[in-house]
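The values are calculated or read from the model by the stated rules, or taken from the named source; none is laboratory data. The structure displayed is predicted, hence computed values, not measured ones. Cβ: placed from backbone, ideal geometry, glycine included. Neighbour counts: every protein chain shown.
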Amino acid sequence: MAEALRVRVAPLNVKSTDTQCSLHWMPCKIAHSGDAKVTEYFENSVRNTDDAYFSGEQVKSASFRGRPLQGRTIRLPPNCEGIVLKEDQISFSDEEERNLVPKATFDSFCYWNLDTKPTDNDTICKAFQWVEIANVLHGSAGRVDQEESLEPTPTDR
């Protein structure tokens with residue numbers, strides 16, 4: 001039985017616009033782990049549709065390897081920051097510790113569907129709804145300390 005994977009992430013030293021990147025969540029698996037000319041070959045084909053809006057965001061259309069895509073931009077929740085990690089050295093066994101180095105940050109990304117317009121029922125949208133629900137359930141907003149609620153205020157008397 002294999003041990004649990006151990007990953008060590010180095011801290012992101014630079015917080016600037018130089019580390020911001022543009023991300024796309026694609027509905028496919030791409031068997032490539034190196035750099036890609038996304039701006040040159042993909043982002044140039046992205047168009048805003050004229051008639052479709054979703055949650056205030058304009059629906060985008062593009063194609064990837066001849067397949068039509070429709071997507072929209074999602075902003076990360078407040079107080080959240082996305083980090084792009086890259087493995088600094090390829091490990092050859094499961095026992096080796098893997099070191100991931102932050103390469104860029106992002107505060108939004110575009111997710112894509114094959115042939116269908118984005119909706120609130122898309123998996124990625126549901127995941128972000130859970131973040132909002134968790135913040136409401138476990139956040140400190142609206143929480144009243146028990147001692148404060150038992151003490152009458154001068155206006156209550």
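Enumerate the pairs (first residue in region 31-44 and surrounded by 10 or more Cβ atoms within 10 Å (Cβ to Cβ); second residue anywhere and modelled with pLDDT of 80 or more) with beta-carbon separation below 8 Å, excluding pairs fewer than 6 apart on the same chain, so at least 6 apart or on different chains.
Within 8 Å, the pairs are VAL38/SER22; VAL38/HIS24; PHE42/HIS24; PHE42/ALA62; PHE42/PHE64; GLU43/SER22.
Among (1) at pLDDT 80 or above; (2) over 21 Å from PHE106 (Cα atoms), which single condition is GLN58 missing?
(2)
Could you check region 78-135 and list, in sequence order, the residues that are farther than 27 Å from ASN48 by Cα and among the aromatic types (Phe, Trp, Tyr)? Give the derivation first.
As a first pass, look at region 78-135 and keep what is farther than 27 Å from ASN48 by Cα: 79, 85-103, 130-135.
The answer is PHE92, TRP130.
For region 108-136, enumerate the residues that are closer than 29 Å to GLY66 by Cα and either free of Cβ contacts under 8 Å to residues at least 12 places away in the same chain or exposed (fewer than 11 other Cβ atoms within 10 Å of the Cβ) (or both).
So the first thing to find is which residues in region 108-136 are closer than 29 Å to GLY66 by Cα, and the list is 108-127.
ASP115, ASP120, ASN121, ASP122, THR123, LYS126, ALA127, listed by residue number.
So ARG72 fits all but one of (1) in contact with a Pro (Cβ under 7 Å, 6 or more places away or on another chain); (2) in a loop (DSSP other than H, G, I, E, B); what number is the exception?
(2)
Please work out which residue is surrounded by the fewest Cβ atoms within 10 Å (Cβ to Cβ), limiting yourself to region 64-107 and to residues that are of a type in the set (Val, Ile, Thr) and under 21 Å from SER45 (Cα atoms). So that I can check it myself, show each step before the final result.
Taking region 64-107 first, the residues of a type in the set (Val, Ile, Thr) are 73-74, 83-84, 90, 101, 105.
With under 21 Å from SER45 (Cα atoms) added as a condition, the list becomes 73-74.
Working: THR73: 16, ILE74: 20.
Within region 64-107, the match that is surrounded by the fewest Cβ atoms within 10 Å (Cβ to Cβ) is THR73.
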